[in-house]
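Enquirer: Sharing a structure below in structure tokens format, with a few things to ask.
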Amino acid sequence: MHSQKRHFLFLLIISIVFNASSQEIKAEINLRSSKGKLYKKSLEVPKILENDEFKVVLNTSENALTQSDLDNNELKLRANTIFYHMNLAKKYFDNNYNFLEKPSKVTLRVNQKKLYDPNLHFDESEESRFPLLGATSIKENSFPADSIAPWGKETFFFLPRTIKVKSGIQVTGEVLDQKTIKNSIRKSLLTQNGIDLAADYILKGTLDQFDQQIHYQAILGSFLIPEIAPKLIKGFGKLFKRNIKIDVAMIPEIIYHEYTHHRLHQIFDTSGSALEEGYANYFAYKISGLSRLGDKAKGYIKGSRAKRPQKKVKYNFKRDLRKQKNLSGEFVYSVLIELEEKLNEIISASGDKVIANSLKKDAAGFYFLDKNSKIKGDFTGAVYQGIKMYTQDFEEEFLLKKTAENVFTSFGI
Ligand SMILES: [Zn+2]
């Protein structure tokens, strides 16, 4: 009897100690300080990185990672940072943009090694012909190729690796696989012409073939690479032999950018259009408070620079064609930031609301924007509709519309 009692007490103590420790697992997470500085902080984290909204898995696995799986410190930091900031982004949208539909549970692949394949889920090709940098968000596929399990919404955070810009150029060259085109681009170094030429060719050429389009996206479709890509063509000699390495899972605003893709999926269909990328950067800015995305992340972004809005980019008609991907995502981002600022100067906080309204539906139940929307006409129209929705006051509407018009004109739209 006595010993039984002691036994019970012992078990009780053990279970209390065990419960206390199981509820207080702490792990480091990458955060941004109020001044935008990136730093690590130890926070309470769940034992299993899965909830109703997200599931963090390793590479091609389907099993949620547990803290005890994370024996590697770098992987542990990545997995916890992704989970933390995805949930934070979700809450931000719920609180401020609740009209945007919530995505079904999103699988977050950390240390992802394989490229995405729309039919096979993962690109199984042996040779890694193309460098994997950045992150990519995909939509579900309920009917993939035979013997492949269907999948839902996912974001791939690729395992960071160092690539030489030289190989990046070679890759771009392979994508733009016609020798004459390659030579034309080389000869027109440091001219706008080179970029336009590449953009043109990408539109009309082999990138319509889906295989290459995927590879193109792997290089240019990521978060920071689009900024580098035109420079690869533009500054061929200057950047030659430079190394680039981006650890996308460690940078909060990249995670926000990726979450936005899932949140705007109903509108843009995860198509990677210039408007979709521009809005994704805009929300990454709204949530992080950083207009220079990727700033002060030196340890995690090597060989690249922060993405900042540009005030005097000229609108280029050729970049607004339907299938054009990333060259003008930066352009749209710059316009949105400028638009918000200028409208806010007229009526406090009107800019944010007008931009939010541009993502709403019209009276007939259709979104103002979709994956094929053009900048001139569709986007500008959505902004004007957003202004109409914002105010009933004719004078206010007139002032805001005039201001938006001026912003568009200043960008050459
Ligand atoms: Zn994106």
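Enquirer: In the stretch 48-115, which chymotrypsin sites (Phe, Trp or Tyr not before Pro) fall in coil by DSSP and have 15 or fewer other Cβ atoms within 10 Å?
Expert: Filter output for the stretch 48-115: PHE99.
Enquirer: Okay, next question. Which trypsin sites (Lys or Arg not before Pro) from the stretch 22-59 combine a DSSP loop assignment with at most 11 other Cβ atoms within 10 Å?
Expert: On the way: sites: LYS26, ARG32, LYS35, LYS37, LYS40, LYS41, LYS47, LYS55; in loops: LYS35, LYS37, LYS47.
Counting only loop positions with at most 11 other Cβ atoms within 10 Å, the trypsin sites (Lys or Arg not before Pro) in the stretch 22-59 are LYS35, LYS37, LYS47.
Enquirer: Can you list residues from other chains, or at least 5 along the same chain, whose modelled amide H is less than 5 Å from the amide H of GLN310?
Expert: Here the answer is SER334, since their amide H atoms fall under 5 Å of that of GLN310.
Enquirer: Right, another one. What are the ³J(HN,Hα) values, in whole Hz, obtained from phi via the Karplus relation 6.51 cos²θ - 1.76 cosθ + 1.60 with θ = phi - 60°, for each residue of the stretch 360-370 in sequence order, with x given for Gly and Pro?
Expert: 9, 9, 7, 4, 7, x, 9, 4, 5, 10, 8
Enquirer: Let me ask another. Quick one: net charge around SER348, please, counting Lys, Arg +1 and Asp, Glu -1 for every other residue with C-beta under 14 Å from its C-beta.
Expert: -3
Enquirer: On to the next question. With a point put 7 Å past each Cα toward its Cβ, work out how far ASP71 is from ASN406 in nm, to one decimal.
Expert: If labels sit at ASP71 and ASN406, their model points lie 6.3 nm apart.
Enquirer: Check the stretch 355-413 and count each lysine pair with an alpha-carbon distance under 22 angstrom, considering only pairs eight or more places apart or from different chains.
Expert: Here the count comes out as 19.
Enquirer: Work through the residues other than HIS265 whose Cβ is under 11 Å from its Cβ and net out their charges, Lys, Arg +1 and Asp, Glu -1. Intermediate values should be presented prior to the final figure.
Expert: Numbers: positive: LYS102, LYS139, LYS153, ARG263, LYS371; negative: GLU101, GLU140, ASP269, GLU276.
Net charge around HIS265: +1.
Enquirer: Over all pairs of distinct alpha carbons, what does the Kirkwood formula give as the hydrodynamic radius of the stretch 328-373, in Å?
Expert: 11.6 Å is the Kirkwood radius here.
Enquirer: Also, I was wondering about something else. Within the stretch 351-387, what residues put their amide N at less than 20 Å from the label point 7 Å along the Cα-to-Cβ vector of ASN98?
Expert: What the label zone holds, given the 20 Å backbone N cut-off, is 352-362.
Laboratory data are not the source of any read-out in this text; all were calculated from the coordinates shown. The structure presented is a predicted model; accordingly, all values stated were derived computationally and were not measured. Cβ sites come from the backbone with ideal geometry, for glycine too, and all protein chains shown count toward neighbours.
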